[in-house]
Amino acid sequence: MHKRYLLATVAAFATAGGAAAQDQTLNVFNWSDYIAEGVLDQFTEETGIAVNYDVYDSNETLEARLLAGNSGFDVVVPTSDFMQRQIAAGVYQPLDKSRLPNLEHMDDDLMAAAENYDPGNEYGVIYMWGTTGLGYNADAVAERLGEDYEVDSWEILFDPEIVSQFEDCGVTVLDAPSEMLPAAMNYLGLDPRSTDPDDLEAGAALLEEIRPHIRYFHSSQYISDLANGNVCLSVGWSGDVFQARDRAAEAENGVEVGYIIPEEGALQWFDMMGIPADAPNPDAAHEFINFIMRPEITAEITNYVWYANANEDSLSMVDEEITSDPGIFPPEEVRARLWTAQPYDVRTDRLVTRIWTRIKTGQ
Ligand code: N2P
């Protein structure tokens with residue numbers, strides 16, 4: 001009763017000050033499986049701003065919507081290398097940092113790393129970060145390669161003789177050319193950041209060699225398939241594989257899922273919150289980004305999605321099971337083996353798109 005009275009008073013004041021918050025809507029476009037239950041409701045309860053929330057599972061999908069213009073989105077979450085070229089294309093508006101006091105909770109080193117893509121952190125704030133590694137079904141591996149085989153290398157995917165043994169239980173890779181080609185190139189001893197067409201073609205040739213053993217190219221389906229035991233080996237994003245592990249444990253179906261950052265190294269990426277230049281409601285967008293940066297909110301999200309965040313003050317509230325897992329918060333010696341992506345120039349981008357279509361269709 002009392003609370004309701006209070007809300008009514010707040011609403012009255014808000015109306016007096018201009019557009020009532022109650023009439024406002026915020027349009028968020030984020031990755032699938034990337035937010036905790038309840039967070040959006042809490043935002044609406046606190047601010048009166050309704051949230052339209054839609055999801056995607058590829059940077060290419062997001063980019064197409066943004067470059068087409070008038071996307072209607074207020075907050076989007078591109079990966080940093082994609083954001084860099086979108087910034088250059090004029091897609092974003094600079095953040096008004098005076099409206100983001102919770103920036104003080106962010107980790108300086110990680111925000112400095114994000115500056116490689118966005119100097120001065122002018123347009124983006126790190127939402128979550130992670131790695132692109134391998135998810136696997138522990139029993140399927142033991143059955144095929146022996147109890148003593150330790151999954152610690154990309155060879156389980158890129159060695160045709162090994163991966164062929166997993167064809168029957170299901171091998172999947174991400175539908176993300178700018179992550180898959182560099183992983184193949186790195187396995188071949190080439191620079192994963194190279195844009196030399198010969199290097200990209202070498203990576204493509206390796207992917208084509210294992211192509212017959214791949215069941216599908218998809219960037220979100222593998223979560224439930226790994227959890228149900230419908231597939232047994234997936235190139236996946238760290239938190240998504242941990243979500244699969246968690247779902248299997250909750251279902252008590254006996255499926256044991258593991259995630260590793262292979263010893264040859266893996267991609268480390270940052271997903272950034274940004275506001276499109278033509279966002280209908282930049283005020284609400286700032287309010288939302290600041291709300292997400294509240295340490296308890298970010299901690300709640302990490303505890304739900306199993307992704308590392310860059311919010312230093314949230315970490316004491318993150319489950320120890322997560323902060324201590326080397327697959328989520330990799331220790332220094334593992335971090336030393338990670339690489340980061342840089343955006344492809346237009347020519348490379350075209351080549352990569354062509355190569356990818358060729359690989360996927362298997363022609
Ligand atoms: C969440 C996937 C986000 C990671 N499902 C991709 N950068």
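The values are calculated or read from the model by the stated rules, or taken from the named source; none is laboratory data. Remember, predicted model here, so these are calculated numbers, not experimental data. As a convention, Cβ positions derive from the backbone with ideal geometry for all residues, glycine included, and neighbour counts pool all protein chains shown.
Is it true that Trp356 is among the aromatic types (Phe, Trp, Tyr), out of contact with any strand residue (DSSP E or B) (no Cβ under 8 Å at 6 or more places or on another chain) and in contact (Cβ under 8 Å) with a residue 12 or more places away in the chain? Don't jump to the end; show me each part of the working.
Numbers: among the aromatic types (Phe, Trp, Tyr): yes; out of contact with any strand residue (DSSP E or B) (no Cβ under 8 Å at 6 or more places or on another chain): yes; in contact (Cβ under 8 Å) with a residue 12 or more places away in the chain: yes.
Yes.
For Val163, indicate whether it is touching a Ser or Thr at 6+ places or on another chain (Cβ under 6 Å) and touching a residue at least 60 places away in the same chain (Cβ under 8 Å). Walk me through it before giving the result.
Working: touching a Ser or Thr at 6+ places or on another chain (Cβ under 6 Å): no; touching a residue at least 60 places away in the same chain (Cβ under 8 Å): yes.
Judged against the criteria, Val163 is not a match.
Can you find even one residue in region 201-208 that is of a type outside the set (S, T, N, Q) and within 14 Å of the ligand (Cβ to nearest atom)?
Among the residues of region 201-208, not one is of a type outside the set (S, T, N, Q) and within 14 Å of the ligand (Cβ to nearest atom), which makes the answer no.
With the condition kept exactly as written, say whether any residue in region 269-276 is farther than 30 Å from Gly189 by Cα and of a type outside the set (A, V, I, L, M).
The answer is yes, given that some residue of region 269-276 is farther than 30 Å from Gly189 by Cα and of a type outside the set (A, V, I, L, M).
Quick one: which of Glu264, Glu296, Glu333 is modelled with pLDDT of 95 or more, more than 29 Å from Ser178 (Cα to Cα) and more than 15 Å from the chain's Cα centre (by Cα)?
Glu296
Sort out which residues of region 301-326 are within 16 Å of the ligand (Cβ to nearest atom) and part of a helix (DSSP H, G or I), and write them in order of number.
The first filter runs over region 301-326 and keeps only residues within 16 Å of the ligand (Cβ to nearest atom), leaving 301-310, 322.
Across region 301-326, the qualifying residues are Ile301, Thr302, Asn303, Tyr304, Val305, Ile322.
Considering (1) in the same structural domain as Glu46 (by TED's automatic domain parsing); (2) in contact with a helix residue (DSSP H, G or I) (Cβ under 8 Å, 6 or more places away or on another chain); (3) surrounded by fewer than 22 Cβ atoms within 10 Å (Cβ to Cβ), say which one Ala310 fails and leave the rest.
Condition not satisfied by Ala310: (3).
Scan region 1-31 for residues that are at pLDDT 95 or above and loosely packed, with under 15 Cβ neighbours inside 10 Å and report the count.
Residues meeting the conditions: 1.
In this structure, does Glu263 turn out to be outside the structural domain of Glu63 (by TED's automatic domain parsing), more than 15 Å from the ligand (Cβ to nearest atom) and surrounded by fewer than 22 Cβ atoms within 10 Å (Cβ to Cβ)?
So Glu263 passes the test.
Restricting attention to region 213-267, which residues are under 25 Å from Gln342 (Cβ atoms), assigned to a helix (DSSP H, G or I) and of a type in the set (D, E, K, R)?
Hit for region 213-267 is Asp240, nothing else.
Tally time: how many residues in region 184-204 are assigned to a helix (DSSP H, G or I), in contact with a helix residue (DSSP H, G or I) (Cβ under 8 Å, 6 or more places away or on another chain) and either touching a residue at least 60 places away in the same chain (Cβ under 8 Å) or buried (at least 20 other Cβ atoms within 10 Å of the Cβ) (or both)?
Step one: list which residues in region 184-204 are assigned to a helix (DSSP H, G or I), which gives 184-187, 197-204.
Now narrow it down to the ones that are in contact with a helix residue (DSSP H, G or I) (Cβ under 8 Å, 6 or more places away or on another chain): 184-185, 187, 197, 199-204.
Now restrict to residues that are either touching a residue at least 60 places away in the same chain (Cβ under 8 Å) or buried (at least 20 other Cβ atoms within 10 Å of the Cβ) (or both): 184-185, 187, 197, 200-201, 203-204.
The qualifying residues number 8.
Can you tell me which of Leu206, Leu145, Leu157 is assigned by TED's automatic domain parsing to the domain that holds Ala227 and under 27 Å from Asp345 (Cα atoms)? Break it down into steps so the answer makes sense when it comes.
Details: Leu145 fails: under 27 Å from Asp345 (Cα atoms); Leu157 fails: under 27 Å from Asp345 (Cα atoms).
After ruling out the rest, the residue left standing is Leu206.
Which residues, taken from region 120-153, are in contact (Cβ under 8 Å) with a residue 60 or more places away in the chain and farther than 24 Å from His218 by Cα?
To start, the set of residues in region 120-153 that are in contact (Cβ under 8 Å) with a residue 60 or more places away in the chain comprises 123-141, 151-153.
Listed by number, the residues that qualify are Tyr123, Gly124, Val125, Ile126.
With the checklist (1) under 18 Å from Thr348 (Cβ atoms); (2) hydroxyl-bearing (Ser, Thr, Tyr); (3) touching a Pro at 6+ places or on another chain (Cβ under 7 Å) in hand, flag the one item Ser178 doesn't pass.
(3)
Give me the pairs: first residue in region 214-237 and farther than 16 Å from Ala183 by Cα and in the same structural domain as Ala184 (by TED's automatic domain parsing), second residue among the hydrophobic types (A, V, I, L, M, F, W, C) and within 14 Å of the ligand (Cβ to nearest atom), beta-carbon distance under 7 Å, and six or more apart or on different chains, which are they?
Pairs found: Ile223/Ala244; Leu226/Val241; Leu226/Ala244; Ala227/Ala244.
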